[in-house]
Amino acid sequence: MSASNYSLINNQTGNKLDLASVQGTLGPVGLDVSKLYGQAGVFTYDPGFASTCSTQSAITYIDGDKGVLLYRGYPVAQLAEKCSFIEVAHLILNGELPNTAELQAFDQTIRKHTMINESLMSFFNGFRYDAHPMAMLTGVVGSLSAFYHDPNATKDEEYRKVFAHRMIAKIPTIAAATFKRHMGQPVMYPKNSLDYCSNLLHMMFAVPAEDYEVNPVAARALDVLFTLHADHEQNASTSTVRMAGSTGTNPYAAIAAGIAALWGPLHGGANEAVLKMLDEIGDVKNVRGFMDKVKDKESGVRLMGFGHRVYKNFDPRATIIREECYKVLKALNVNDPKLELAIRLEEIALSDDYFKQRKLYPNVDFYSGIIYKALGIPVSMFTPMFAVARTVGWVAHWMEMTADPSLRIARPRQVYTGADTRNVVDLAQR
Ligand code: ACO
């Protein structure tokens, strides 16, 4: 914390209040308004938190104007190219890329925790056949809190580590089981000889009656997608995990809250919404008509997979995913007309004044669904895939927050707009 050049002046009284500031390693300064109410009797007002930092964090840095995304200082493009998702998970959790021995130890630890308590299986059977996988994922991850519930545990560093490893290891097992329940197929147990993404593909697509070999192209494609989705600083779901976690609640319950927040179509649910939108448009010849609807505010239609609160130039993840999309479709010999449709939509949007003026660019979800589809993953599983990858970020943020001795419960204020104080009239007189 340091003195800053910023002051607030009350134009009526002339009173001046100097604001201290917080300067991070990169990015704009944060003005410290935490004492504002106590000193000046006013709140700050920032719906949607467009200009508000809720915390200091050393995990991820985004420069939305330049299209920069760094995990622990490393550009995401380099990590996607040179590292496995498990290496990236180690980096995000522990702050450093692992050496060979550290990677082996971390990987083994994650593999060791992939099983889930057998009684959790009966939870899946309780859901209706048509339950959305995200509904099941939210419920079953939340119910992990019934299996791991030491009330003092969050104060213990070792427990926090075990929580992190368990959560990262079990989320693919649970996500795959939601898929099997959805398909009416028997749940496949994890196979710990397989790497993280191969194991997930095995649990989703293998059946007990037949041999199944994981396609390495599919496993690598998933691995890259997971790296790109692993963390994104204080997005809606991560902030939800932090907010829930700030109360000292069970950490598995906090992750379930994050999964619930991710599900919305304005956040992680956008990957599913993009594919549904492409289905609705159907053909390149309908793109213009659809774009007219998007630009008509009355229609309530948005171009899903476009726009971002932070990126106002380009989303670096989208650029990598578009390239990956070409590679994967070619390697798997898939010819998907949806890719052509998406490219046409992007071209038209990027040259249109409506999108240019509002700085709307494709985000991480615009092309990811086309890759998932090429891997044989159904649309309803797109957001659970995102949840598996983002679990690393959620867990890392929860760890960072819980280890911070200055942690306080997250408790925003409001500008009250309801009725003024009034007296209750007796029922007979109302
Ligand atoms: N299609 C059409 N218009 C859009 C879109 C879009 N996808 N996104 C924003 N706009 C317009 C808004 O109507 C608004 O126009 P106005 O200034 O004339 O009122 C302007 O652009 C600014 O939009 P906001 O909604 O104020 O921007 P905000 O930062 O609050 O929202 C969001 C960001 C939610 C991502 C938004 O761009 C959106 O709805 N995109 C589509 C959903 C999506 O792809 N979400 C995934 C985001 S990435 C992730 O979470 C993984």
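The values are calculated or read from the model by the stated rules, or taken from the named source; none is laboratory data. Keep in mind the model is a prediction, meaning the values are calculated, not measured. Every residue, glycine among them, receives a Cβ derived from its backbone with ideal geometry; neighbour counts consider all protein chains shown. All accessible areas refer to the heavy atoms of the entire protein, side chains included, with ligands and DNA or RNA removed. Shrake-Rupley method; radii C 1.70, N 1.55, O 1.52, S 1.80 Å.
Given the Cα-Cα distance of Val42 and Asp292 and 0.36 nm per residue of separation, how much length would full extension add, in nm?
Value of the extension gain: 85.7 nm.
Between Met121 and Val379, what length comes free when the chain is fully extended (0.36 nm per residue of separation minus the Cα-Cα distance, one decimal in nm)?
Using 0.36 nm per residue and subtracting the Cα-Cα distance, I get 90.5 nm.
What is the list of residues in the stretch 302-320 whose amide nitrogen lies under 12 Å from a point 7 angstrom out from the Cα of Glu280, following Cα to Cβ?
The answer is 302-305.
Helix 251-262 sits at what angle to the longest principal axis of the chain, using alpha carbons and giving 0 to 90 degrees rounded to 10?
Compared with the principal axis, the helix lies near 90 degrees.
Over the alpha-carbon set of the stretch 350-425, divide Rg by the Kirkwood Rh and report the Rg/Rh ratio to two decimals.
Ratio of gyration radius to Kirkwood radius for the stretch 350-425: 1.22.
I'd like to check one number: the per residue accessible area of the chain, probe 1.4 Å, reported in Å² as a whole number.
52 Å²
Please give the direction-averaged projected area of the C-alpha convex hull for the stretch 120-262, in square nanometres with one decimal.
Computed as one quarter of the Cα hull surface, the answer is 9.4 nm².
Between Ala20 and Asn313, what FRET efficiency follows from the Cβ-Cβ distance if R0 is 30 Å, with the result rounded to 0.05?
Here the calculated transfer efficiency is 0.45.
Percent relative contact order of the chain, based on C-alpha pairs within less than 8 angstrom and at least six residues apart?
20 percent
To test your reading of the geometry: what angle, between 0 and 90 degrees and rounded to tens, separates the Cα axis of helix 337-350 from the longest principal axis of the chain?
That works out to roughly 30 degrees.
Do you know the relative contact order of the stretch 54-206, to the nearest whole percent, from alpha carbon pairs under 8 angstrom that are 6+ apart?
Relative contact order for the stretch 54-206 comes out at 20 percent.
May I ask you to derive the relative contact order of the stretch 235-296, considering only C-alpha pairs under 8 Å and at least 6 residues apart, and to give it as an integer percent?
24 percent
What lysines sit close enough to Lys16 to cross-link, taking a C-alpha to C-alpha distance under 24 Å and skipping anything fewer than 8 places away on the same chain?
Lys35
Take the Cα pairs of the chain, get the Kirkwood Rh, then feed it into Stokes-Einstein at 10 °C and 1.306 mPa s and tell me D in µm²/s.
Stokes-Einstein gives a translational diffusion coefficient of 68 µm²/s.
Just round it to a whole percent: the fraction of Cα-Cα distances in the stretch 187-259 exceeding 17 Å.
59 percent
Working out 0.36 nm times the residue gap between Asn94 and Phe49, then minus their Cα-Cα distance, what length gain in nm do you get to one decimal?
Gain in length upon complete extension: 13.4 nm.
Percent of accessible area on the stretch 145-237 owned by carbon and sulfur, 1.4 Å probe?
Reported share for carbon and sulfur atoms: 51 percent.
List the aspartates and glutamates whose Cα sits under 14 Å from the Cα of Lys170, skipping any in the same chain fewer than 8 residues away.
Cross-link targets: Asp107, Glu118, Asp195.
State the volume of the convex hull built on the alpha-carbon positions of the stretch 1-107, expressed per residue in Å³ and rounded to an integer.
So the per-residue hull volume is 145 Å³.
Please compute P(r) over all alpha-carbon pairs of the stretch 281-430, binned at 10 Å starting from zero, and give each bin as a whole-number percent.
Bin by bin from 0 Å, the calculated values are 9, 26, 25, 17, 12, 7, 3, 1.
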